[in-house]
Amino acid sequence: MSFIINRKKNTAHEMGKKLDMNNIPKHVAIIMDGNGRWAKKRGFIRTLGHRAGMEAVKRVVRASCEIGIKYLTLYAFSTENWKRPAEEVNGLMDLLIEYLGREINELNENDVKLNFIGDLSKIPEKCKIKIKESEEITKNNKGLTLNIALNYGGRNEIVNAVKKIGKSLLDGKIKLNDIDEQIIADNLYTAGQPDPDLIIRPSGELRISNFMLWQSAYSELWFSDILWPDFDKNHLLEAIIDYQKRNRRFGGI
């Protein structure tokens, strides 16, 4: 079974490519990058770039639901992003609250389950309230699981997992020889979820920037020069089509 992509005229992509509906990645993760550069190119303040990036989030979430992706993880705010000017950070947090308030009904109607991953202890209280509310509303949904990585860092995630495992060891719940890859995975933010099959990074950067370090061991990587606010369904399909051409051997022949 295949799905013909009807490309819009004047896009940068070839028309008529085929998407194999029997080989859709179960988990796609995206490093959303390029909002600031998008705004700078247009003479806008950075906040407007982040707002435009939020529109890209809506497009990609809708497309993921249509295609049948089961897990979508979006890298929204890293542990390093606190280094940015306070005005920009506060604007991002306010934008998150606005997005959740405006989009939660559509997400819920489309059977999307919201799940926030990262160290949420440092997030402003007003954001925590909205996050908990959104997760509660969508907790029973069975369609796309939308992971939003907030105050997230891959190394920090592993450190937190080691601490939890260490406590279980000290409490006598597990023995030293019980510790294996599965126990580590079970103590990550993504416990119970499959590792990402495909990691997408727009904006021209060729690195994963402390994102899902444990989970990405065998992820396919796809890079693009497109800035995140310009990312749309066609770009997502292009990445998946490229993914479908690859031979994933997982260390085998």
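The values are calculated or read from the model by the stated rules, or taken from the named source; none is laboratory data. On a predicted model such as this, the values are computed, not experimentally measured, just so you know. In this analysis, Cβ positions are derived from the backbone assuming ideal geometry, glycine residues included, and neighbour counts consider all displayed protein chains.
Can you name every residue in segment 183-202 that is surrounded by fewer than 22 Cβ atoms within 10 Å (Cβ to Cβ), more than 16 Å from residue 117 (Cβ to Cβ) and in contact (Cβ under 8 Å) with a residue 60 or more places away in the chain?
Selection gives 197 alone.
Of everything in segment 194-215, what is closer than 20 Å to residue 26 by Cβ and in contact with a helix residue (DSSP H, G or I) (Cβ under 9 Å, 6 or more places away or on another chain)? Give them in sequence order.
Applying the first criterion (closer than 20 Å to residue 26 by Cβ) to segment 194-215 yields 194-201, 208, 211-215.
195, 197, 198, 200, 208, 211, 212, 213, 214, 215, listed by residue number.
Considering only residues that are surrounded by fewer than 20 Cβ atoms within 10 Å (Cβ to Cβ) and not hydroxyl-bearing (Ser, Thr, Tyr), look in segment 42-53 and name the one that is farthest from the chain's Cα centre (by Cα).
The selected residue is 43.
Could you please find all residues in segment 232-244 being under 14 Å from residue 29 (Cβ atoms) and not small (Gly, Ala, Ser)?
Our first condition is that a residue be under 14 Å from residue 29 (Cβ atoms); within segment 232-244, this holds for 236, 239-240, 243.
Selection gives 236, 240, 243.
Is there any pair linking a residue in segment 206-225 that is buried (at least 17 other Cβ atoms within 10 Å of the Cβ) to one that is of a type in the set (S, T, N, Q) and assigned to a strand (DSSP E or B), with Cβ under 9 Å and at least six apart or on different chains, and which?
210/78; 211/73; 211/78; 212/73; 215/73
Out of segment 236-253, which residues are out of contact with any Phe, Trp or Tyr (no Cβ under 8 Å at 6 or more places or on another chain) and in contact (Cβ under 8 Å) with a residue 40 or more places away in the chain?
Within segment 236-253, 236, 237, 238, 240, 241, 244 meet the criteria.
Got at least one residue in segment 140-161 being hydrophobic (A, V, I, L, M, F, W, C) and either over 23 Å from the mean Cα position of the chain (by Cα) or over 30 Å from residue 60 (Cβ atoms) (or both)?
No; the residues of segment 140-161 include none that is hydrophobic (A, V, I, L, M, F, W, C) and either over 23 Å from the mean Cα position of the chain (by Cα) or over 30 Å from residue 60 (Cβ atoms) (or both).
Taking only pairs six or more apart or across chains, which ones have beta-carbon atoms under 9 Å, a first residue in segment 129-146 that is at negative phi, and a second residue that is small (Gly, Ala, Ser)?
Filtered contacts from segment 129-146: 130/101; 134/101; 144/64; 144/68; 146/64.
Which condition number in (1) on the phi > 0 side of the Ramachandran plot; (2) surrounded by fewer than 14 Cβ atoms within 10 Å (Cβ to Cβ); (3) at pLDDT 95 or above is the one that residue 34 fails?
Condition (2) is where residue 34 drops out.
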